[in-house]
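Trainee: Got a structure here, written out as structure tokens. Questions coming.
No lab work stands behind these numbers, since they all come straight from the coordinates. None of the values given here were measured: they were computed from a predicted structure. Note that we place each Cβ from the backbone using ideal geometry, even for glycine, and neighbour counts take in every protein chain shown.
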Amino acid sequence: MPKSKLSAFLYLLVVFVSGAVVGALTYRLYAVNTVLSNTAPHPRPSPEEVRKRIVADLQTKVQMDNQQIAQVNQIMDDTRDAFRQIRDTFNQQGHKLHDQQWDKVKALLRPDQVPLYDQWQAEREAERKRREQQDQQNKK
């Protein structure tokens, strides 16, 4: 290759490689910032904090008096209790349905598979309890 063609080729190669490096670094910087911004924690307010904010808004923006606020608090207490009852009933029915599902699966098994199935179920239950304990520790 003549000298001018070789130097033009080398300049072109350097420009191409530097463009690739700048592009890769820019992509990496953009990807890291995007991931970090998507994983930033947004703590949910507790039900008590939400309730305090609602009551404060009713007092200031709606200008409710103390008697009305007491009635609002009673309504909120009754509603919370009703939701708890619904959730408890739902959980009981869900557990019953879940147990029925696994009883049906167990009925399909051959006698030699039943001990293996029981062992598998015990392992799943132990793992579930371990996760619950870990979740409780993480909440503290």
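Trainee: Can you compute the helix-only [θ] at 222 nm over the chain? Use -39500 (n - 2.57) per DSSP H run of at least 4 residues, normalise by all residues, nearest 500 deg cm²/dmol.
Mentor: Rounded to the nearest 500, the figure is -30500 deg cm²/dmol.
Trainee: Same structure again: So what are the three principal axis dimensions of the chain from its Cα atoms, in whole Å, longest to shortest?
Mentor: 92, 71, 25
Trainee: Moving to a separate point now. With springs only between Cα atoms under 10 Å, which of L12, L108, L97 fluctuates most in a Gaussian network model of the chain?
Mentor: For the chain, modelled as a Gaussian network with Cα springs under 10 Å, the answer is L12.
Trainee: Select from Q74, Q93, Q113 the residue whose mean-square fluctuation is largest in a Gaussian network model of the chain (Cα-Cα springs shorter than 10 Å).
Mentor: Top of the fluctuation ranking is Q113.
Trainee: Nearest 10 degrees, 0 to 90: what angle lies between the long axis of helix 114-139 and the longest principal axis of the chain (Cα atoms)?
Mentor: Helix 114-139 and the main axis of the chain meet at about 80 degrees.
Trainee: Give me the angle, in degrees from 0 to 90, between the Cα long axis of helix 47-61 and the longest principal axis of the Cα atoms of the chain, rounded to the nearest 10.
Mentor: Approximately 80 degrees, to the nearest ten.
Trainee: I would also like to ask the following. Assuming R0 = 41 Å, can you tell me the calculated FRET efficiency for the pair T79 and Q133, based on Cβ-Cβ distance, to the nearest 0.05?
Mentor: Efficiency, from the Cβ-Cβ distance: 0.85.
Trainee: What size of dipole, in debye to the nearest 20, comes out for the chain about its Cα centre when the only charges are +1 on Lys and Arg C-beta atoms and -1 on Asp and Glu C-beta atoms?
Mentor: 860 debye
Trainee: Need the full-extension length gain, D112 to Q71, defined as separation in residues times 0.36 nm minus the C-alpha distance. One decimal, nm. Write down the numbers at each step before the final one.
Mentor: Values: separation 41, 0.36 × 41 = 14.76 nm, distance 6.28 nm.
Separation in residues times 0.36 nm, less the Cα-Cα distance, equals 8.5 nm.
Trainee: Same structure, new question: Hey, rough spin-label estimate for K52 and Q100, points 7 angstrom out along Cα→Cβ, what's it come to in nanometres?
Mentor: In this crude label model, K52 to Q100 measures out at 4.4 nm.
Trainee: At a Cα cut-off below 17 Å, give the lysines reachable from K96, other chains included and same-chain residues fewer than 8 away excluded.
Mentor: Hits, sequence-local ones excluded: K104, K106.
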